[in-house]
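Presented below is the structure to which this report refers.
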Amino acid sequence: MTAKGSVRARIWVSGLVQGVAYRDFTQRTASHHGLCGGVRNLDDGRVAVEVEGERQAVESLIASLRSGPPMARVQDVQVQWEPATGRYADFRIWY
């Protein structure tokens, strides 16, 4: 079951985003905003994020992802908005 006002975003981040603690940064930031979902590295060098929660909180996460942790060099952030599914209970790093 999803909360009223909840949204889902699928996010792809490119640039120097692997090997710089980007997934840890994403998990901490998402958890701080009370969001659920997960983050994983992709074979092509990007990071993929699936996140659900209140739209304002998701937008705050996306703003943070555009900067990332200090060692990251984000080149692009692509976002696909979808209806929330309620399938996640917390935010995790997926391996």
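If the condition is being surrounded by 13 or more Cβ atoms within 10 Å (Cβ to Cβ), closer than 16 Å to Gln27 by Cβ and of a type outside the set (Phe, Trp, Tyr), then segment 61-95 contributes Leu61, Ile62, Ser64, Leu65, Gly68, Pro69, Ala72, Arg92.
Residue-by-condition table, conditions (1) under 16 Å from Asp90 (Cβ atoms); (2) crowded, with 21+ Cβ neighbours inside 10 Å:
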residue: Val20; (1), (2): no, no
residue: Gly38; (1), (2): yes, no
residue: Gly53; (1), (2): yes, yes
residue: Glu59; (1), (2): no, no
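Residue-level check: of (1) of a type outside the set (Val, Ile, Thr); (2) under 14 Å from Ile11 (Cα atoms); (3) at pLDDT below 95, Gln27 misses just (3).
Counting only residues that are over 13 Å from the mean Cα position of the chain (by Cα) and over 9 Å from Tyr22 (Cβ atoms), segment 66-80 holds 4 of them.
For segment 7-18, filtered to residues that are more than 16 Å from Gly45 (Cα to Cα) and under 9 Å from the mean Cα position of the chain (by Cα), the residue that is surrounded by the fewest Cβ atoms within 10 Å (Cβ to Cβ) is Arg10.
The values are calculated or read from the model by the stated rules, or taken from the named source; none is laboratory data. These figures come from a predicted structure and were not determined experimentally. Cβ atoms come from the backbone with ideal geometry, glycine included; neighbour counts cover every protein chain shown.
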